[in-house]
1. Among the candidates PRO322, PRO301, which residue alone is modelled with pLDDT of 95 or more and within 31 Å of the chain's Cα centre (by Cα)?
2. From (1) modelled with pLDDT under 95; (2) under 23 Å from GLU13 (Cα atoms); (3) among the polar types (S, T, N, Q), pick out the condition that doesn't hold for THR125.
3. Give the residues of the range 268-298 that are of a type in the set (Lys, Arg) and either at pLDDT below 95 or under 26 Å from TYR11 (Cβ atoms) (or both), sorted by residue number.
4. Does PHE61 satisfy being farther than 25 Å from GLY259 by Cα and surrounded by fewer than 24 Cβ atoms within 10 Å (Cβ to Cβ)?
5. Do the conditions hold for ALA89, that is, is it within 17 Å of ALA27 (Cα to Cα), out of contact with any helix residue (DSSP H, G or I) (no Cβ under 7 Å at 6 or more places or on another chain), in a helix (DSSP H, G or I) and small (Gly, Ala, Ser)?
6. Condition check: closer than 16 Å to PHE277 by Cβ and at pLDDT 85 or above. Does PRO194 satisfy that?
7. Only one of these is assigned to a loop (DSSP other than H, G, I, E, B) and either over 16 Å from the mean Cα position of the chain (by Cα) or polar (S, T, N, Q) (or both): GLY329, GLY348, GLY294. Name it.
8. List pairs: first in the range 330-352 and more than 16 Å from GLY93 (Cβ to Cβ), second among the β-branched types (Val, Ile, Thr) and surrounded by fewer than 18 Cβ atoms within 10 Å (Cβ to Cβ), Cβ under 9 Å, 6+ apart or cross-chain?
Amino acid sequence: MKPGVVTGAQYRELVAAAKSGGYALPAVNVVGSHSLNAVLEAAAQAKSDVIIQLSNGGAQFWAGKGMADAATAKVIGAVSAARHTALLAEHYGICVVLHTDHADRKHVGWVDGLMDWNEKAFAETGAPLFSSHMLDLSAEPIESNLAECERMLRRMAKTGVSLEIELGVTGGEEDGIGHDYDDSADNAHLYTQPEDVLTAYDRLASIGHFSVAASFGNVHGVYKPGNVQLRPEILQASQALVQQTHGLSENPLDLVFHGGSGSEKDKIAAAIRFGVFKMNIDTDTQFAFAQPIGDYVKANPVAFSHQIDPDDGTPYKKKYDPRTWLRKGEQGMVTRLQEAFADLGSAGKTLAR
Ligand SMILES: [Zn+2]
């Protein structure tokens with residue numbers, strides 16, 4: 001495969017290669033060129049393909065928080081990020097999947113707005129801007145969730161864009177989307193029912209490519225250990241039900257692991273065995289970006305309050321130059337991502353040639 005952003009049949013080939021090769025790709029949230037470049041650098045270093053994703057808030061941030069029309073900013077920020085990524089990714093020598101994260105009912109219009117751009121790009125170049133988009137209507141009854149997913153997938157299939165859906169509820173909150181996580185309640189709602197996955201498969205499989213974010217005790221963010229029990233066997237049960245009902249081969253579903261930050265390594269490995277090809281990581285890479293910058297500021301406090309040292313006249317331009325400390329953040333993220341590529345088994349597996 002040629003290095004760069006992959007969509008349509010190439011995207012599906014990438015997913016199939018991960019599943020048959022027993023590895024998954026990290027899906028890393030980015031909010032600007034610094035985090036994006038860090039992901040590209042990390043993937044190139046690991047010789048791994050990678051998934052880059054934007055939340056609606058991340059897309060808005062890309063366009064600039066000062067832009068008056070937030071709804072427009074969310075669309076054109078994502079489009080700008082997609083074009084920027086497409087241009088750079090080829091030069092890093094790896095394959096990149098471009099995706100947008102959680103869109104609840106309020107953000108369905110955001111995804112339709114992005115589909116307008118995908119269709120325009122497809123008409124001009126034969127390829128959409130994005131590989132896939134997510135709709136997260138898991139807070140709604142399954143019928144209304146799937147009805148909207150079906151409408152969107154019919155639209156997406158025409159340009160080869162894939163849809164990620166969510167069934168069951170991922171705990172925690174991300175970008176204002178998510179669900180209160182109550183660790184005293186019984187967490188049955190955190191586990192997707194295999195019957196719901198089968199219903200989704202029956203409804204969507206003939207329309208276009210889709211993937212399923214199934215809940216198996218996963219929670220967004222990082223919580224104290226022991227509060228949540230990850231049960232990857234839930235994924236296995238969903239795969240088995242769809243496989244048996246339709247007489248398919250093993251692991252027919254393309255599954256996505258949300259809330260991957262802070263997860264136990266053996267549970268990650270089990271999830272991959274049961275057909276997970278994508279693991280979202282945001283909280284841990286945010287911290288990996290912030291921590292070295294915090295250390296740098298602590299080590300150089302005067303340079304962050306004075307341009308020239310008030311006592312001895314030392315100029316601090318080189319220390320407060322944003323390139324100096326933003327680079328520390330990028331490097332922190334690059335280092336943390338090497339761990340993700342290793343955990344997911346994708347290091348050295350790039351399909352780019
Ligand atoms: Zn998520």
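The values are calculated or read from the model by the stated rules, or taken from the named source; none is laboratory data. Model, not experiment: these values are computed from the prediction. Quick reminder, even Gly has a Cβ in these numbers, built from the backbone with ideal geometry, and neighbours come from all protein chains shown.
1. Of PRO322, PRO301, the one residue that is modelled with pLDDT of 95 or more and within 31 Å of the chain's Cα centre (by Cα) is PRO322.
2. So the condition that THR125 fails would be (1).
3. Correct list: ARG273, LYS278.
4. For PHE61, the condition - farther than 25 Å from GLY259 by Cα and surrounded by fewer than 24 Cβ atoms within 10 Å (Cβ to Cβ) - is not met.
5. Judged against the criteria, ALA89 is not a match.
6. No; evaluated as a whole, the condition is false for this residue.
7. GLY348
8. Listed by first residue and then by second, the contacts come to GLY332/ILE293.
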